[in-house]
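Contents: one structure, followed by commentary.
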Amino acid sequence: MEMLLEEDGRTISISTWKDVREAVYSVNTELAKLIDALDPSDDYKFIEVEYKYGDLFIENSEIQFPNKSGGLISILDNRVPKRIRDELHYATMPLLLMLNKDNEVFINTGTRVVPINLFHKGSMSGVYETMDFMMGRKSEPIWNFTAGARSICVLPKITNKQGLQRLFSAFGVPSTTQVSSLSDHWYLLKTMAQSPAFQQNWKSKILYFGAKWITHQSRNEAWDTFKTYLLKEIWKQASFSIDKFKFNLYWEKFAETISLRRLQPRPYLIDQVKHILSMMIGDFPGFIPAGTSQEAAPVSGFQEALVDIYMLKDYLPTILHSCLLIDEILKPSYVYYSLTLPTVLEGSPINKSSATIVSDLRQIKLLIDTIKTHIRDVPDVVGHKIIQKGEISYFHREKDNCKEINESIDIVKSDKKFLADSKRFPNREFCYTSPFFSGCIRICRQKN
């Protein structure tokens, strides 16, 4: 292994299979066995990069590298060493393997961030773009990747000016940083994690495959098997797109049901219902408590800073991050969606009417219940199995006088993951008053 850069806690190195073999075996045994069968020479290179939490290592589908002056630069930048550019010339988003942490892929619409998936160690990406190169096609993806979870928030409210000033001072956070809403939390946490004063050493290691892995021309059984594996990975990831297409067909029937009942909901409510149902079938992530896991973020370091420096009172310093309901690694029992942290891809994420959040929640419940009732009565309709398997609950941090919406304080009766930090932080309680619970929808994992 040859170290090319070690700057500000980030590193770049050029490696061979002998250098990375053990690391790959530890996270993706199937892939490692296939590469062993290839018996590659040292001409087959890897570029291994260590990123800090919050680094945008793929931006608009261009790989980003650490540089000597700090921060990240695009692979298209001439300051990236020529040896790296020569190895990865085949795609601005080359084939990559995640070696140790979770990383989030998302779309930036320009006005909001839409989480698509949280990838775990051992996962590959860049397979679409690599196959486009192999087939002589131009690839124009729109993805962004962050090291760790991009969609993340602190459950308790953290808007106290004195507390924030202490955080800003301790971790060199710019004084102009806004922390007025849940969507502001990622930038604060990222800046904290990248400060020299931050105590937890959290790095995401990404392994990029050099050009010879992709441009290899000779044919034998081992190489054919390796390329078949890449095709399998493409198919797995293409399934997400296919499922989204299927859901649009289902949605036509769902929308027809609403129309037949002569309901006339505002477009905002329709957009929310469509997104919630798409989360139910696993097309888009919701949020889950991080608990004691450090895979998606340096959770322990954040929590210690919130308790010891911000001086959070009374509540557990719970961290939430994105997760698909069908995630087969984390296997969440529930995922949560909040009207105060909208992540809809299409339509309007913002309520521009004068209606209250709890009244919107009641309307969303009415629409979904209407769809479920109709589907139950017409079992042969498209989407019947999907809508009937899921269970949706509605919560609000204040009591609903109409008794249609549950109080958020009751969430922990069925979801103990919100109490996972109790041993580390005794004598603190679940923050049921969180802004996140101002219009909260919980979706239960589908039963087989």
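The values are calculated or read from the model by the stated rules, or taken from the named source; none is laboratory data. Remember, it's a predicted structure, so these values are computed and weren't measured experimentally. Please note: Cβ atoms are built from the backbone with ideal geometry, for glycine as well, and neighbour counts cover all protein chains shown.
Listed here are the residues, each with its yes/no results for (1) assigned to a strand (DSSP E or B); (2) at pLDDT below 95.
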{"residue": "ARG262", "(1), (2)": "no, yes"}
{"residue": "GLN272", "(1), (2)": "no, yes"}
{"residue": "GLU295", "(1), (2)": "no, no"}
{"residue": "ASP327", "(1), (2)": "no, yes"}
{"residue": "TYR336", "(1), (2)": "yes, no"}
{"residue": "GLU346", "(1), (2)": "no, yes"}
{"residue": "LYS352", "(1), (2)": "no, yes"}
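The strands (runs of 3 or more DSSP E) found wholly in the range 23-125 and carrying at least 1 residues that are under 24 Å from CYS323 (Cα atoms) and hydrophobic (A, V, I, L, M, F, W, C) occupy 56-59, 62-66, 96-98, 103-108, 113-119. Scanning the range 77-93 turns up no residue that is farther than 23 Å from PHE133 by Cβ and among the aromatic types (Phe, Trp, Tyr).
Rundown of residues vs (1) in contact with a Pro (Cβ under 8 Å, 6 or more places away or on another chain); (2) in the same structural domain as TYR51 (by TED's automatic domain parsing); (3) closer than 24 Å to LYS331 by Cα, yes/no style:
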{"position": "LEU97", "(1), (2), (3)": "no, yes, yes"}
{"position": "GLU104", "(1), (2), (3)": "yes, yes, yes"}
{"position": "VAL113", "(1), (2), (3)": "no, yes, yes"}
{"position": "LYS121", "(1), (2), (3)": "no, yes, yes"}
{"position": "MET134", "(1), (2), (3)": "no, yes, no"}
{"position": "GLU140", "(1), (2), (3)": "no, yes, no"}
{"position": "LYS157", "(1), (2), (3)": "yes, no, no"}
{"position": "LYS161", "(1), (2), (3)": "no, no, no"}
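The residue of the range 28-69 that is farthest from the chain's Cα centre (by Cα), among those that are under 18 Å from ILE12 (Cα atoms) and of a type in the set (Ser, Thr, Tyr), is TYR44. Within the range 423-441, residues that are at positive phi reach partners that are buried (at least 17 other Cβ atoms within 10 Å of the Cβ) and assigned to a strand (DSSP E or B) with beta carbons closer than 8 Å, at six or more positions or on different chains, in the pairs GLY439/SER338; GLY439/HIS396.
Within the range 391-413, can you find the residues that are farther than 17 Å from LEU366 by Cβ, over 24 Å from the mean Cα position of the chain (by Cα) and surrounded by fewer than 17 Cβ atoms within 10 Å (Cβ to Cβ)? Listed by number, the residues that qualify are GLU398, LYS399, GLU407, ILE409, ASP410, LYS413.
Of the numbered criteria (1) under 17 Å from the mean Cα position of the chain (by Cα); (2) within 30 Å of LEU34 (Cβ to Cβ), the one LYS190 fails is (2).
Would you check which residues across the range 166-189 are in contact (Cβ under 8 Å) with a residue 12 or more places away in the chain, part of a loop (DSSP other than H, G, I, E, B) and either in contact with a Phe, Trp or Tyr (Cβ under 7 Å, 6 or more places away or on another chain) or surrounded by fewer than 19 Cβ atoms within 10 Å (Cβ to Cβ) (or both) and list them? Passing the criteria: GLY172, PRO174, THR177, SER180, SER181. With respect to the conditions (1) more than 21 Å from PHE65 (Cβ to Cβ); (2) more than 20 Å from the chain's Cα centre (by Cα); (3) not hydrophobic (A, V, I, L, M, F, W, C), HIS185 lacks only one, and its number is (2).
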